[in-house]
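J.: I'd like to ask some things about the structure below.
The values are calculated or read from the model by the stated rules, or taken from the named source; none is laboratory data. Keep in mind it's a predicted model, so treat the numbers as computed, not measured. Neighbour counts are summed over all protein chains in view; Cβ atoms, including those assigned to glycine, are modelled from backbone coordinates with ideal geometry. For accessibility, only protein heavy atoms count, side chains too; no ligands or nucleic acids. Shrake-Rupley method; radii C 1.70, N 1.55, O 1.52, S 1.80 Å.
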Amino acid sequence: MMAMSSSATASNAPLTKRQRTSPYPTWFFLPAAIIYGVLFLFPTFSSIYFSLTRWTLFDSTFIGLDNFAQFFREPFLIQGVINTIIFALVTCTLKVVFGLGLAVLLTSDIRMRALLRSIVFFPVLVSAVGVGIAFTAMMHPTRGIINIALDLVGISGPGWLTNPALAIYSVALVEVWRGVGLATVIFIAGIMSIPQDYYEAARIDGASAWERFCYITLPLSRPATVTVIILSFIHGLRNFELVWAMTRGGPGFASDVLASVIYKQYQAGFYGLSTAGNVVLFVLIALMAIPLYIYLNRREGHQ
Amino acid sequence: MIALRRYGLTVIAVFSTVIIFIVPFLFIVLTAIKDRTEAARLDFSWPTNFPVWENFWTVISTRNFMLVTAYINSTLITVGAVTLLVILAAMVGYVRQRRKGWWNGLVDFLVLAGLMMPPAVVPTIWLLQEIGLFATLHGMVFIQVAYNLSFCIILYRAFIATIPRELDEAAIIDGARPLDVFFRVILPLLKPVTVTVIVVQSVTIFNDFVNPLYYLPGNQNVTVQLTLYNFQSQFSTAYNLLFMNILLVTIPPLIVFLFYNRQIVAGMTAGAVKG
Amino acid sequence: MADLALKSIHKSYGSVEVIKGIDLDIGHGEFVVFVGPSGCGKSTLLRMIAGLEEITSGELYIGEKLCNNMEPRDRGIAMVFQSYALYPHMSVYDNVGFGLKLAKAPKEERDRKIREAARILQMEHLLERRPSQLSGGQRQRVAIGRAIVREPEVFLFDEPLSNLDAALRVDMRMELSKLHQQLGATMIYVTHDQVEAMTLADKIVVLNNGEVQQTGAPIDLYKNPANLFVAGFIGSPKMNLSPVIAGEVSGSRIALGGEGLEQLSYAFDGHRQKPGDRLTLGIRPHALKISETGPVKGKVDLVERLGNETIINFRLGNGEQWLAVVDGDAPIGRGGAVAFSVAESDIMLFDENGENVRCLVSAVDGEI
Ligand SMILES: Nc1ncnc2c1ncn2[C@@H]1O[C@H](COP(=O)(O)OP(=O)(O)O)[C@@H](O)[C@H]1O
Ligand SMILES: [Mg+2]
């Protein structure tokens, strides 16, 4: 029986103090909060201080904004910032364009749709370093299969990774190859959520396939587009693996991005400078993320 | 006529997609099973002999079976981190979804920040050294948990929203204490999303290169992705071995993908969209 | 033992007050039904008794104990939810036994109690199944079984039948009644369906807007609703209501005026009405009898013949829609004039505040 029936008469004193516990205790946040707070938040905040120092891990001297000044004075460091933005813009644009194209193709009525989707998506799950190495071989200026294939159709292929003006774009192309699958499945999810009625109504109204794409698919998959843009832009800004595996930032500093600059400065022992690079990267991403945060909150408010 | 042209276009589109996405994989496989001289030509040709086993054995045994050590390390890190992630993220997602409080805005903000912000590397290294976690496997486990929590919390929270609150209440009436409600009623019901979290995070953590590069130096701590990096210089003239290594590193995600491609795709899209 | 007492219970969500001070005594073994329109706070009240919602102010006693801050598990209650809330990942056996397992009851005792509950509810053959393999009615039984094994002092039901189809609902209603007799426990039952309330309850509590409108036995509420709200809510079809003006008052008798309501008068000792007072007249459809000379006159809009009775939709002189339910197959056609008489005891009168002016049934009984 219930405990109360045995002790029902034992006490009649009002239980005035709050002694009921919520079934959803806030200490459930605690383990996650400790790990996240110590290993992510704390270093992030301390980076703001360390970016203002000359730092050897053992002691740090405050030098004000010198690191940042250096960052925007040294040409090879500025190059890194510019390349980061180029890389993010190029990969983001191409992922949206090809992702949407592939999504339309892979939601149309074709055979082996599921298999094709898997093929397009699988590179997302392959080690970036592995992809980088494989494409470095394929982009070899004379022996690489890409240039050999281009030769066959009479085009003499460029030195994809050896030409300083081209290297960062070549890496960006490989990133598109690797990441377009994720963009595609997000677009596919977006397109699939468009009610079929719209298409049928448009068909009855005599809209062509192209018109249906422009007036239905494109506007109604806007949430997916926004997601892909934000996701691939931030991913592009943070990219390290491919650049490192393919060019090590070379030739020279031609394809350095912020993430590889951070690593190089770290290896060279310029910890303060490296951390300043990290802070620059934070700022770039925050410029992207804060509008996103506002956008998301607004969308939630609408519901 | 138009129908025929559209059909033609579709065929071309499908065909080029297949070429673009399959050829690099074929290239990796072909190169991995060639001998050294043929591989060095970097061409897309059928091998004349197939030293598959020799390539395999050489790669495995190089540097005192470094790849085997790496597999063990990567597996330990992945299993440890994913286990922690499942429990911790489900707990946060659960309370965040169920309970109203001033902290909800803060939690959402931190989740979003964790999703987008890159870590501050050097300060983290400094911190790890201070607390004795630098270059240790368990340190790496905690790092992976910290960096991947956000994604998992988002998935769990969205799923928990679909579990009726009356179920918690029935359990409470039945005499369940908070831990009972969570571990005996909610957690078992999260199985579908837990499978998704496990597969997506396993692949992510297994494939991670940057974080072990920074936080896990040392040959006995090497992870699978780092072997590629180490061997890149060692095998710079032996493309067959390098590509055999790539192949070996790619196989675990491939297997996971073959069995769980629905969950992976669903999880990654959901995580992306809700983020 | 398990009497319940609610003393001035309030509940607010933020600044919105949804329960506005409820006082209620529930005796041991009573079957009490909370009834009221959707959103009136029935569930909130029940959930406060269960301990699933905090009580903003007031006192809740179960047995002798003040329960405001007691955990649900210590209150000696069990609850059956509208959606059943069965644990989808457990068999019926484990669903029913979950509470016992949590209470660390020995295995044999657990088994015995589960099988006993299954026997009472005739679901022994379902024990190995998962909830997803059960029909709605079977799920309902499991949910009740889960409550029974806890051997609670008080059973709480929140609209337990509303997810069932109509036929099953009638069956389950009878079973619940039997279960109540068999177990002798106190039961508190929430519904928005007044038929359920009438058939199940020893005592009905009519709620509206977070306040108790009336408490009493079903037949009292039917015969003597305290106010317009209860009058309109209890009884099916709904009571006919029309505004009238008090006419000449002579002794205990008031003449009532209104188009289509000629020379209707009403006797009640001790009323305080004056000529010219605006009142509301209420007559239940079943109380109207066809009579050529009757005072209630109208034009027939629609006749529904159900065989055993006939439902007549008619329109009073002032255009108001009324219903009459008469026995058998009345020879009435659409569009024709119709007149009804009514026993004086069946006339109800509500004042400007909606309160019933007669709180006891008038002894005067005569055709008008
Ligand atoms: N968690 C809550 N927060 C704010 N208002 C609530 C909450 N739960 C219920 N309410 C409000 O309280 C009132 C009573 O709800 P409820 O008890 O569920 O009504 P009933 O069960 O009688 O249909 C409703 O107006 C509802 O909107
Ligand atoms: Mg309700």
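J.: From the list A:145, A:194, A:168, exactly one residue is of a type outside the set (S, T, N, Q), open to solvent by less than 40 Å² (accessible area, probe 1.4 Å), without any contact (Cβ under 8 Å) to a residue 60 or more places away in the chain and more than 10 Å from chain B (Cβ to nearest Cβ). Which is it?
T.: On the way: A:145 fails: more than 10 Å from chain B (Cβ to nearest Cβ); A:168 fails: without any contact (Cβ under 8 Å) to a residue 60 or more places away in the chain.
Residue meeting the stated conditions: A:194.
J.: Can you give me the ranges of the strands (runs of 3 or more DSSP E) entirely in segment C:275-314 with at least 2 residues that are closer than 21 Å to residue C:236 by Cα and open to solvent by 50 Å² or more (accessible area, probe 1.4 Å)?
T.: On the way: elements: C:278-283, C:288-290, C:296-305.
Result: C:288-290, C:296-305.
J.: So, one more: Against the definition (in a helix (DSSP H, G or I), open to solvent by 30 Å² or more (accessible area, probe 1.4 Å) and closer than 30 Å to residue C:20 by Cα), how does residue C:195 come out, yes or no?
T.: Working: in a helix (DSSP H, G or I): yes; open to solvent by 30 Å² or more (accessible area, probe 1.4 Å): yes; closer than 30 Å to residue C:20 by Cα: yes.
Judged against the criteria, residue C:195 is a match.
J.: Only one of (1) more than 28 Å from residue C:137 (Cβ to Cβ); (2) open to solvent by less than 40 Å² (accessible area, probe 1.4 Å); (3) not in a strand (DSSP E or B) is not met by residue C:28, so which one is it?
T.: (2)
J.: Of everything in segment C:26-37 that's touching a helix residue (DSSP H, G or I) at 6+ places or on another chain (Cβ under 8 Å) and among the β-branched types (Val, Ile, Thr), which residue is nearest to ligand 1 (Cβ to nearest atom)?
T.: Result: C:35.
J.: Okay, moving on. Would you tally the residues in segment C:198-213 being within 16 Å of ligand 1 (Cβ to nearest atom) and assigned to a strand (DSSP E or B)?
T.: Of all residues in segment C:198-213, those within 16 Å of ligand 1 (Cβ to nearest atom) come to C:204-213.
Now narrow it down to the ones that are assigned to a strand (DSSP E or B): C:204-208, C:211-213.
So the count comes out to 8.
J.: What are the pairs with Cβ atoms under 6 angstrom where one residue, in segment B:68-91, is within 11 Å of residue B:197 (Cβ to Cβ) and away from chain A (no Cβ under 13 Å) and the other, located anywhere, is open to solvent by 20 Å² or more (accessible area, probe 1.4 Å) and of a type outside the set (Val, Ile, Thr)? Sequence gap at least six, or different chains.
T.: Listed by first residue and then by second, the contacts come to B:82/B:202.
J.: Now a separate question. Would it be correct to say that residue C:308 is modelled with pLDDT under 90, over 25 Å from the mean Cα position of the chain (by Cα) and under 18 Å from residue C:255 (Cα atoms)?
T.: On the way: modelled with pLDDT under 90: yes; over 25 Å from the mean Cα position of the chain (by Cα): yes; under 18 Å from residue C:255 (Cα atoms): no.
No; evaluated as a whole, the condition is false for this residue.
J.: I'd like to check something: does segment C:240-260 contain any residue that is at pLDDT 85 or above, in contact with a helix residue (DSSP H, G or I) (Cβ under 8 Å, 6 or more places away or on another chain) and not polar (S, T, N, Q)?
T.: Yes, segment C:240-260 contains a residue that is at pLDDT 85 or above, in contact with a helix residue (DSSP H, G or I) (Cβ under 8 Å, 6 or more places away or on another chain) and not polar (S, T, N, Q).
J.: Does residue B:202 count as in a helix (DSSP H, G or I) and without any contact (Cβ under 8 Å) to a residue 40 or more places away in the chain? Can you show your working first?
T.: Details: in a helix (DSSP H, G or I): yes; without any contact (Cβ under 8 Å) to a residue 40 or more places away in the chain: no.
For residue B:202, the condition - in a helix (DSSP H, G or I) and without any contact (Cβ under 8 Å) to a residue 40 or more places away in the chain - is not met.
J.: For residues in segment B:224-239 being open to solvent by 10 Å² or more (accessible area, probe 1.4 Å) and in a helix (DSSP H, G or I), which is modelled with the highest pLDDT?
T.: B:226
J.: Going through segment B:136-157 one residue at a time, which ones are more than 9 Å from chain A (Cβ to nearest Cβ), farther than 15 Å from residue B:206 by Cβ and β-branched (Val, Ile, Thr)?
T.: B:136, B:154
J.: Let me ask something additional. Go through segment C:156-196 residue by residue and tally those that are away from ligand 1 (no atom under 15 Å from the Cβ), closer than 17 Å to residue C:49 by Cβ and touching a helix residue (DSSP H, G or I) at 6+ places or on another chain (Cβ under 7 Å).
T.: 1
J.: Just one of (1) in contact (Cβ under 8 Å) with a residue 40 or more places away in the chain; (2) more than 25 Å from residue B:177 (Cβ to Cβ) trips up residue C:157, so point out which.
T.: So the condition that residue C:157 fails would be (2).
J.: When you check residue B:163 against the structure, is it open to solvent by 10 Å² or more (accessible area, probe 1.4 Å) and at pLDDT 90 or above, yes or no?
T.: Yes, satisfied.
J.: Evaluate segment A:149-158: report whether one residue or more is in the same structural domain as residue A:88 (by TED's automatic domain parsing) and either touching a residue at least 24 places away in the same chain (Cβ under 8 Å) or in contact with a Phe, Trp or Tyr (Cβ under 7 Å, 6 or more places away or on another chain) (or both).
T.: no
J.: Continuing with the same structure: Report, ordered by the first and then the second residue, all pairs with beta carbons closer than 6 Å, sequence separation of six or more or different chains, a first member in segment C:178-197 that is under 16 Å from residue C:158 (Cβ atoms), and a second member that is among the β-branched types (Val, Ile, Thr) and open to solvent by less than 20 Å² (accessible area, probe 1.4 Å).
T.: Partner pairs satisfying both residue conditions: C:186/C:154; C:188/C:32; C:189/C:33; C:191/C:35; C:197/C:33; C:197/C:35; C:197/C:191; C:197/C:204.
J.: Right, next: Is it the case that residue B:196 is more than 14 Å from chain C (Cβ to nearest Cβ) and touching a Ser or Thr at 6+ places or on another chain (Cβ under 8 Å)? Full working, then the answer.
T.: Details: more than 14 Å from chain C (Cβ to nearest Cβ): yes; touching a Ser or Thr at 6+ places or on another chain (Cβ under 8 Å): no.
Judged against the criteria, residue B:196 is not a match.
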